[in-house]
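The values are calculated or read from the model by the stated rules, or taken from the named source; none is laboratory data. Quick caveat: nothing in here was measured; it's all calculated off a predicted structure. Cβ atoms come from the backbone with ideal geometry, glycine included; neighbour counts cover every protein chain shown. Remember, those area values only see protein heavy atoms, side chains included, never the ligands or the DNA or RNA. Shrake-Rupley method; radii C 1.70, N 1.55, O 1.52, S 1.80 Å.
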Protein chains: 2
Amino acid sequence: MSGSRLSPRDRYREQTRAEIKEIALRQLAEGGTTAVALTRIAKEVGLSGPALYRYFDSRDALLTDLIRDAYTDLAAAVGAAADALPADTSPRARLRALAAACRTWAVAQPHRYLLIEGTPVPGYSAPPDTLDSARAVLGPFLPAFAGGEPSAAVRPVAEQMRTWAAGDAAVAEWAARHVPAGDEAVALAGAVLAWTGLHGVIGLEVAGQFAGMGHDGATLLTAQFDALADAFGLR
Amino acid sequence: MSGSRLSPRDRYREQTRAEIKEIALRQLAEGGTTAVALTRIAKEVGLSGPALYRYFDSRDALLTDLIRDAYTDLAAAVGAAADALPADTSPRARLRALAAACRTWAVAQPHRYLLIEGTPVPGYSAPPDTLDSARAVLGPFLPAFAGGEPSAAVRPVAEQMRTWAAGDAAVAEWAARHVPAGDEAVALAGAVLAWTGLHGVIGLEVAGQFAGMGHDGATLLTAQFDALADAFGLR
DNA sequence: AACAGTTGCGAGCAGTGCTCACAGAATCGA
DNA sequence: TCGATTCTGTGAGCACTGCTCGCAACTGTT
């Protein structure tokens, strides 16, 4: 109970865990989810098969850890982009910047984006903190929509958000932390539409669907978000 | 060389091929792509392991066939929805109807949507006719944007489409078939944005990301497409 | 020095995709 | 009708996967 916060044994343990995850990440980048093979990881790290199970309960546990890491990493990237903006940035410019940050992160490491937002792994069940992570990513988008005046097109969504926030305390608290009172429903609607807009462009681009076509994700994204800003009457 | 268009042998062959695909589809629905196991398919169809390779060159060949089927099926659904519309349908209503048809198809069989638009299978390379299939799905969207007047937000996309169509004859021909001359660039921009809009909502919904949240895909989709119609000045 | 906890290994099980050599049946040509 | 060719199916086998078990060794503490 005295002094040392981490025994040397635990230190070593964390180190090899990190090494395992690093190799797994490389395999993921090279061949997708199914290419993450415990046996090959073990061989590469200098261990032999079953020894890996001393560090991860199962292959799914490893992947879950990678998913969690990817989420927090993406949230950090978006958060950093938000913090880098001057205080007087227009909502429209803010949306553009955040969306671009999101896309840049995803395009730089497609496999990690596919890991968190792509096809769910066959049997896997999402870790409970996934919702929190998703909220952490979308949080910086919320204030951009505060004070927005939704057009007729997106007003039904805002209406739906109102009943959602009323029923889900965690969501209401999350919205309240980013947005002045009264604007929650509109901001939530904006965030959700930003989410789908992001995924629409990034998801297709990352999956390689734009390959050989004459359009790139960047202009599509800014167009999408400019249109979204228009729909919310943002300057 | 006379009469019969299909020898009894070929008939039987096509029949078992269909049976194999049917079972594969069921396995896909139950456990995702990785759950499609040739061995179990063989057992279920009453054959023994290697016999399946008389009908499909490899597991990838089977999946490719399923992908092709899903694409043509989706294209047929969208096409049918387009044909069912009265001639005087407004562009906005047309967009809504087509988007809804697309989503209905996807939500009814999520696994098949994930198969065509989800995470690419590890090593697999898309069949060359995938592009044609994607165009077949999006074709009915094109005429809705003819005569549209793109706002500043989406104008850059239209500009990009112009150079794209100029460089890709197949795309130009495809656009010309659905839209009067002169409107190609705008219509292409609309179609591509419709594509990303569709995938943004449907992809997330089908992947189960909306589970436990207070919003449903239908209102999100119509909102997205209403906003898109606004961005193109459609009535 | 003795004890417990941790870490690692080898063998083994069940499952996967896939290849091979071989046997039987269906089909076609003479 | 007979013979040859093609097609279809089988069992054995290879290499790989995730994962479990029992046993040995090594570490840190008492």
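Of note:
- Test: residue in region A:199-220 that is more than 19 Å from B:ARG162 (Cβ to Cβ) and either in contact with a strand residue (DSSP E or B) (Cβ under 8 Å, 6 or more places away or on another chain) or of a type in the set (Phe, Trp, Tyr) (or both): no
- Hits in region B:179-235 (condition: of a type in the set (Gly, Ala, Ser) and not in a helix (DSSP H, G or I)): B:ALA181, B:GLY182, B:ALA207, B:GLY208, B:ALA211, B:GLY212, B:GLY214, B:GLY233
- Of the residues making up region B:16-37, just one is surrounded by 18 or more Cβ atoms within 10 Å (Cβ to Cβ) and within 11 Å of DNA strand D (Cβ to nearest atom), namely B:ILE20.
- Restricting A:ARG9, A:ARG13, A:ARG59 to residues that are surrounded by 13 or more Cβ atoms within 10 Å (Cβ to Cβ) and within 11 Å of DNA strand C (Cβ to nearest atom) narrows the list to A:ARG13.
- Residue check for B:LEU98: in contact with a Phe, Trp or Tyr (Cβ under 7 Å, 6 or more places away or on another chain), assigned by TED's automatic domain parsing to the domain that holds B:ALA146 and away from DNA strand D (no atom under 14 Å from the Cβ): yes
- Flag set for A:SER48, criterion: surrounded by fewer than 19 Cβ atoms within 10 Å (Cβ to Cβ), more than 14 Å from chain B (Cβ to nearest Cβ), of a type in the set (Gly, Ala, Ser) and within 16 Å of DNA strand D (Cβ to nearest atom).
- Screening A:PRO86 against (1) of a type outside the set (Lys, Arg); (2) surrounded by 18 or more Cβ atoms within 10 Å (Cβ to Cβ); (3) away from chain B (no Cβ under 14 Å) leaves a single unmet condition, (2).
- Meets criteria (within 19 Å of the chain's Cα centre (by Cα) and open to solvent by 40 Å² or more (accessible area, probe 1.4 Å)) for B:LYS43: no
- Residue selected from region A:66-83 under the condition in contact (Cβ under 8 Å) with a residue 40 or more places away in the chain and open to solvent by 30 Å² or more (accessible area, probe 1.4 Å), by the criterion farthest from DNA strand D (Cβ to nearest atom): A:THR72
Conditions tested, residue by residue: (1) open to solvent by less than 20 Å² (accessible area, probe 1.4 Å); (2) within 22 Å of A:ARG103 (Cβ to Cβ); (3) more than 7 Å from chain A (Cβ to nearest Cβ).
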site: B:VAL171; (1), (2), (3): yes, no, yes
site: B:HIS178; (1), (2), (3): no, no, yes
site: B:ALA191; (1), (2), (3): yes, yes, yes
site: B:ILE202; (1), (2), (3): yes, yes, yes
site: B:THR222; (1), (2), (3): no, no, yes
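- One residue from B:ARG155, B:ARG135, B:ARG92, B:ARG96 being within 12 Å of chain A (Cβ to nearest Cβ), touching a helix residue (DSSP H, G or I) at 6+ places or on another chain (Cβ under 7 Å) and without any contact (Cβ under 8 Å) to a residue 60 or more places away in the chain: B:ARG135
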